[in-house]
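Enquirer: Pasting a structure here, questions to come.
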Amino acid sequence: MQLTKAWETYKNEKRIEGFSPHTLNAYRLQANLLVRHFQDINPQFISTQGIKEYLASSSVALKPSSIAHRVRFIRSFFRWLHEEGHITANPAAKIKEPKVGKRIPKFLTDREIEHLREGCHTSMEKALFEFMFSTGCRIGEIVSLERIVLIGGINQRL
């Protein structure tokens with residue numbers, strides 16, 4: 001089985017397992033980079049040293065978090081290849097992720113918060129801003145919320 005065929009099979013299995021489209025898209029990018037480096041060879045012929053050389057050559061301008069993502073994909077992909085019997089040994093088993101420092105969250109100053117409040121024109125915008133600010137919800141989380149309106153003491157879904 002060649003790398004491209006292995007990737008397609010892996011992707012289909014992960015889709016069935018419920019991986020998100022965003023994760024699969026990120027994995028597709030990593031798989032394409034892997035194929036570009038090793039060509040479309042049988043994964044059986046990829047060694048641990050080859051993977052280390054790939055990571056070293058491709059990570060010159062990458063942040064440690066990007067390298068860590070690449071390593072996680074490679075380990076997952078080769079573990080799957082090994083478990084499914086497509087390769088006899090897992091060359092990525094001993095590959096380690098780089099140390100990634102903890103990110104300090106960015107926050108808004110009081111002045112920036114007031115500017116955002118002033119930018120709200122409608123009562124809906126003001127309510128959404130205050131909800132986001134007070135709960136810490138992300139926009140994606142708010143979009144997925146079910147809207148329920150209290151009318152005369154009776155909850156109604158919108």
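The values are calculated or read from the model by the stated rules, or taken from the named source; none is laboratory data. In this text, all values refer to a predicted model and were calculated from it rather than measured experimentally. Positions of Cβ are backbone-derived with ideal geometry, glycine not excepted, and every protein chain shown enters the neighbour counts.
Enquirer: Please state which one of Tyr27, Tyr54 is part of a helix (DSSP H, G or I) and either in contact (Cβ under 8 Å) with a residue 40 or more places away in the chain or acidic (Asp, Glu) (or both). I'd like the intermediate steps shown before the answer.
Expert: On the way: Tyr54 fails: either in contact (Cβ under 8 Å) with a residue 40 or more places away in the chain or acidic (Asp, Glu) (or both).
From the options Tyr27, Tyr54, the qualifying one is Tyr27.
Enquirer: Consider Phe73 against the criteria (1) surrounded by 16 or more Cβ atoms within 10 Å (Cβ to Cβ); (2) modelled with pLDDT under 90: it satisfies all of them except one. Which criterion is unmet?
Expert: (2)
Per-residue answers, yes or no, for (1) surrounded by fewer than 16 Cβ atoms within 10 Å (Cβ to Cβ); (2) among the β-branched types (Val, Ile, Thr):
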| site | (1), (2) |
| --- | --- |
| Gln2 | yes, no |
| Asn12 | yes, no |
| Glu17 | yes, no |
| Arg28 | yes, no |
| Leu33 | yes, no |
| Ser47 | yes, no |
| Ile51 | no, yes |
| Tyr54 | no, no |
| Ser58 | no, no |
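Enquirer: Read through the list (1) modelled with pLDDT of 90 or more; (2) loosely packed, with under 12 Cβ neighbours inside 10 Å, then give the number of the only condition that Pro105 fails.
Expert: Answer for Pro105: the failing condition is (1).
Enquirer: Another question, if that's okay. Could we say that His115 is outside any helix (DSSP H, G or I), of a type outside the set (Asp, Glu) and farther than 30 Å from Ser66 by Cα here? Working first, answer last.
Expert: Numbers: outside any helix (DSSP H, G or I): no; of a type outside the set (Asp, Glu): yes; farther than 30 Å from Ser66 by Cα: yes.
Considered against the rule, which asks whether it is outside any helix (DSSP H, G or I), of a type outside the set (Asp, Glu) and farther than 30 Å from Ser66 by Cα, His115 comes out as no.
Enquirer: How many of the residues in the range 4-52 are farther than 25 Å from Lys96 by Cβ and of a type in the set (Gly, Ala, Ser)?
Expert: Qualifying residue count, the range 4-52: 2.
Enquirer: Out of Ser123, Ser59, which single residue is in contact with a helix residue (DSSP H, G or I) (Cβ under 6 Å, 6 or more places away or on another chain) and either within 16 Å of Trp7 (Cβ to Cβ) or polar (S, T, N, Q) (or both)?
Expert: Ser59
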